[in-house]
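Just so it is clear, none of the values below were taken in a lab; they were calculated from the coordinates. Just so we're clear, the structure is a prediction, and the values are computed from it rather than from any experiment. Here Cβ is always computed from backbone atoms with ideal geometry, including for glycine, and neighbour counts include all displayed protein chains.
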Amino acid sequence: MALHAFRMQLKPGNLDAYRAAHDAIWPELVDLLHDAGISDYSIFHDADSNALFAVLTVTEPDGRAALPDHPVMKRWWDAMAPLMETHADNRPVEWPLDRVFHLA
C-alpha cells in the first residue's frame, strides 16, 4: 500500500456546495474508487487559503491511471468543475505533496 497526498484549490464561496456533494457521494463513484485500489481517502480544507488537502491509500495494483477515462469519473469532475480549479477536461488541478515528517 502507498500513501498519496495532494492539494487542490477550491473557488471562493464554494465550501458548502463542495461539502454537500461529498456528503452525498455517488455509490457508483465510491465503487469506482475502491475498484481502482483507493481507500482511506480524506480531504481537508484550509480556510485561510481555501485549499483542499487530500490524503489517500492506494493498494497494488494501482488502478488510478484508468480513472480519467471512466464515464462516472468524468461526470463527477463535470459536477465539481464550477466549485474548484480544473484543467480544460474538468479534471481537478492537483499539486502533489511530499511527506516531510511521519510519526508512527
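Filter region 26-70 for residues that are β-branched (Val, Ile, Thr), outside any strand (DSSP E or B) and over 12 Å from the mean Cα position of the chain (by Cα) and give the result.
Filtering region 26-70 for residues β-branched (Val, Ile, Thr) gives 30, 38, 43, 55, 57-59.
Add one more test, that the residue is outside any strand (DSSP E or B), and what stays is 30, 59.
Answer for region 26-70, where residues must be β-branched (Val, Ile, Thr), outside any strand (DSSP E or B) and over 12 Å from the mean Cα position of the chain (by Cα): just 59.
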Contacts under 6 angstrom Cβ, first residue in region 27-53 being touching a residue at least 24 places away in the same chain (Cβ under 8 Å), partner assigned to a helix (DSSP H, G or I), 6 or more apart: 28/72; 29/72; 29/76; 32/72; 36/64; 36/67
Any hit, region 90-102, residues being surrounded by 11 or more Cβ atoms within 10 Å (Cβ to Cβ) and either free of Cβ contacts under 8 Å to residues at least 60 places away in the same chain or touching a Leu at 6+ places or on another chain (Cβ under 8 Å) (or both): yes
Residue within region 60-80 that is over 16 Å from residue 97 (Cβ atoms), in contact (Cβ under 8 Å) with a residue 24 or more places away in the chain, surrounded by fewer than 12 Cβ atoms within 10 Å (Cβ to Cβ) and touching a strand residue (DSSP E or B) at 6+ places or on another chain (Cβ under 9 Å) present: yes
Some residue of region 44-55 being surrounded by fewer than 16 Cβ atoms within 10 Å (Cβ to Cβ), under 25 Å from residue 11 (Cα atoms) and in contact with a Ser or Thr (Cβ under 6 Å, 6 or more places away or on another chain): yes
Qualifying residue in region 1-18 (condition: surrounded by 11 or more Cβ atoms within 10 Å (Cβ to Cβ) and without any contact (Cβ under 8 Å) to a residue 12 or more places away in the chain): no
